[in-house]
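A.B. asks: One structure, pasted below without further comment.
We did not get these values from a lab; they are worked out from the coordinates using the rules stated. Owing to the predicted nature of the structure, the values given are computational and were not obtained by experimental measurement. When we count neighbours, we look across all protein chains shown, and the Cβ atoms used for this are built from the backbone with ideal geometry, even at glycine.
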Amino acid sequence: MNNIATTLFLGKGYRVKKQVRKGNELRVYIEYEGKQRCPRCGSENLVKNGKDTKWRKKLHMSFGFFRVYLLFKRQRYKCKDCGKAFSQVIPILRKKERFTSFFKQAVIFWLIFFPFDLLSLLLGVSRRTLLKIAEEFISRVMIEELKDKERLVIGMDAHRFHRKDFALLLVELLSSLPFGLIQDKKKAFMDFLLSLPPRVREKIDEVVMDMTVRYRRAVEEILPHAKVVCDPFHLISYMNHQLMEEKRVIEVVKKRKIPGRVLRLGKEK
Ligand SMILES: [Zn+2]
């Protein structure tokens, strides 16, 4: 039975108790026997103190309609030294998450090859979930990289993510490192800035954004030392947009068409 633990990339300390096939689901019941420490005093002098009453279930692998779930009950312990009661830490199963850390790694891997929409279909997981996993990965891994840089220039750009949902991609422009993928909402943006470690926040001295400067206020509030800059690409596209709007208005008022060529040549007529 425990060959399957290896097949499922579970590693040391995990034991498969049984597997049940139910429709398109494979449910794998596991136990974890890795060493535990008291979270309060660090002691390993523990006594077992019952188990969860209900089975918990986390998504481990997924392919189209086929899914593999891990089911487990956390062992509870009591510390013999300080009396603290706690439940065991299982490395691949983080609390409050619906999937295992293996599943998250797989998502990051597949995102190198497939766009969100396609991967969402292939894995049978919502785009929101994929976005959340990517978000967490980008901030955890990339922010480590940014800590050692001397100064940071942040660029932000909205990407259409799913019809009307926009995601905001944050890139460190001097090193071209993407380091944040968040919902295009002011609150999400502010929360993200606040969640950056102070060492990273202090080093941001420019934030480059598009002409709408929707997030200017947020930047001024949270990064008072940073300059807000409008980048030339966005400036030109904004000017073009304004010019075309003006042309359209004049056309309506004067009831005659202005050829676009006139604007491009910059001649008055
Ligand atoms: Zn203790």
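A.B. asks: If I model a spin label as a point 7 Å beyond the Cα along the Cα-Cβ vector, how far apart are those points for Glu245 and Arg56 in nm?
C.D. replies: Distance between label points: 5.2 nm.
A.B. asks: Length gain on complete extension for the stretch Glu150 to Glu202, per 0.36 nm per residue less the alpha carbon to alpha carbon distance?
C.D. replies: That pair, Glu150 and Glu202, stretches by 17.7 nm at full extension.
A.B. asks: Antiparallel DSSP bridges in the stretch 3-103: what percent, to the nearest 5?
C.D. replies: 80 percent
A.B. asks: Using the membrane-span-like helix rule (whole DSSP H runs, Cα extent along the own axis of at least 18 Å, mean Kyte-Doolittle hydropathy at least -0.5), which helices of the chain qualify?
C.D. replies: Qualifying helices: 232-254.
A.B. asks: Right, another one. Could you give the length gained on full extension between Ser126 and Val89, defined as 0.36 nm per residue of separation minus the Cα-Cα distance, in nm? Let's see the in-between values first.
C.D. replies: Working: separation 37, 0.36 × 37 = 13.32 nm, distance 2.76 nm.
Additional length available on full extension: 10.6 nm.
A.B. asks: With runs of 4+ DSSP H residues as the only contributors, calculate the mean residue ellipticity of the chain at 222 nm using -39,500 (n - 2.57) per run, divided by the residue total and rounded to the nearest 500.
C.D. replies: So the calculated ellipticity at 222 nm is -9500 deg cm²/dmol.
A.B. asks: Can you compute the modelled spin-label distance between Asn24 and Ser176, with each label point 7 Å from Cα toward Cβ, in nm?
C.D. replies: With each label placed 7 Å out from Cα toward Cβ, I get 4.0 nm.
A.B. asks: Between Arg98 and His225, how high is the FRET efficiency from 1/(1 + (r/R0)^6) when r is the Cβ-Cβ distance and R₀ = 41 Å? Nearest 0.05.
C.D. replies: My answer for the efficiency is 0.55.
A.B. asks: At a Förster distance of 45 Å, what's the computed FRET efficiency of Arg214 paired with Phe63, Cβ-Cβ distance as r, to 0.05?
C.D. replies: Efficiency computed from Cβ-Cβ geometry: 0.70.
A.B. asks: Describe numerically, in nm with one decimal, the distance between label points set 7 Å from Cα along Cα→Cβ at Leu194 and at Val141.
C.D. replies: With each label point 7 Å from Cα toward Cβ, the separation is 2.8 nm.
A.B. asks: On average, how much area does the Cα convex hull of the stretch 92-164 cover when viewed from any direction, in nm²?
C.D. replies: About 6.4 nm², averaged over all directions.
A.B. asks: Can you pull the percent of Cα pairs in the chain with separation above 32 Å?
C.D. replies: Values: 17561 of 36046 pairs.
The calculated P(r) of the chain puts 49 percent of pairs beyond 32 Å.
A.B. asks: In whole Å, what is the distance between the alpha-carbon centres of the stretch 126-157 and the stretch 1-79?
C.D. replies: When both Cα centres are located, 30 Å separates them.
A.B. asks: Hey, could you grab the Kirkwood Rh for the stretch 3-103? Inverse mean 1/r over distinct alpha carbon pairs, Å, one decimal.
C.D. replies: 14.5 Å
A.B. asks: Roughly what % of DSSP beta bridges within the chain run antiparallel, to the nearest 5?
C.D. replies: Here the share of antiparallel DSSP bridges comes out near 70 percent.
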